[in-house]
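Undergrad: Starting off with a structure, shown below.
Every number here is computed from the coordinates shown, using simple stated rules; none is lab data. On a predicted model such as this, the values are computed, not experimentally measured, just so you know. FYI the Cβ positions are ideal-geometry reconstructions off the backbone, even for glycines, and counts take in every protein chain you see.
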Amino acid sequence: MARSASGRLAASAAVWHSLFRIGVGVFWLYFAVQKWPAPIGFGATQGIGWMRPLMEQSAKANPIPPLHDMLTQVVVPNWTLFATAQAVGETVVAVLLILGFATRPAALVATLLALNLSLTVAFTIGDVGVRWLYYMPVLACFEVFVNGSGALALDRAAFVPRWLRA
């Protein structure tokens, strides 16, 4: 009987891993669609234009000297390239995490995207408590990277190469 209960517990944990992964994917999709151009994006901020002043403010406010220099000398002058890369990265990560395909590589990229936001945009906010809204996705994405896709995922399918499986 104990074996059966532990099996059910493991199965429900795997389902919860899947639901958590899907939730993280929906999180990234929500923020990605705000960067898509007008006919397909939605929300008050469509396209990447709204990101330029945020990048400029982030470059001014960043207290980490090497990162501050990179933001002011590389990122701000080439803001369209970096804003587009962020939007594409968020979209790809969102789709892969929602589908559960290439989960660990997608979660690693998601962790890096979240780390980017927590080391740049978070410093534009004076309230340290609100900054945690930028720090928590780093932990959430890394949790998906560590625990994998869960039970409900495409990367569990037989047609997926072994190196893409979680």
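Undergrad: When a footprinting reagent is the concern and you count Cβ atoms within 10 Å, what order do Thr120, Thr91 take, fewest first?
TA: Final ranking by Cβ density, sparse to dense: Thr91, Thr120.
Undergrad: Under the classification rounded if a/c is under 1.5, otherwise prolate if a/b is larger than b/c and oblate if not, where does the chain fall, given a ≥ b ≥ c as square roots of the Cα gyration tensor eigenvalues? Before the final figure, lay out the partial values.
TA: Numbers: a/c = 2.44, a/b = 1.92, b/c = 1.27.
Prolate shape, in that a/c is at least 1.5 and a/b is the bigger ratio.
Undergrad: How would you classify segment 31-120 from its alpha-carbon gyration tensor, with a ≥ b ≥ c the square roots of the eigenvalues: rounded for a/c under 1.5, else prolate if a/b is greater than b/c, otherwise oblate?
TA: Cα axes put segment 31-120 in the oblate bin.
Undergrad: Sticking with this structure for a sec: Please list, ordered by chain and number, the residues whose modelled amide H lies under 5 Å from the amide H of Leu152; skip anything fewer than 5 residues away on the same chain.
TA: Ser18
Undergrad: Give me the extension gain from Arg8 to Phe20: residue separation times 0.36 nm, minus the current Cα-Cα distance, reported in nm with one decimal.
TA: Separation in residues times 0.36 nm, less the Cα-Cα distance, equals 2.5 nm.
Undergrad: Using alpha carbons only, how many degrees (0 to 90, rounded to 10) separate the axis of helix 79-99 from the longest principal axis of the chain?
TA: That helix lies at roughly 10 degrees to the long axis.
Undergrad: Could you put Tyr30, Tyr135 in order, starting from the residue whose Cβ has the fewest other Cβ atoms within 10 Å? Spell out each step's value before the answer.
TA: Details: Tyr30 13, Tyr135 16.
With the fewest neighbours first, Tyr30, Tyr135 line up as Tyr30, Tyr135.
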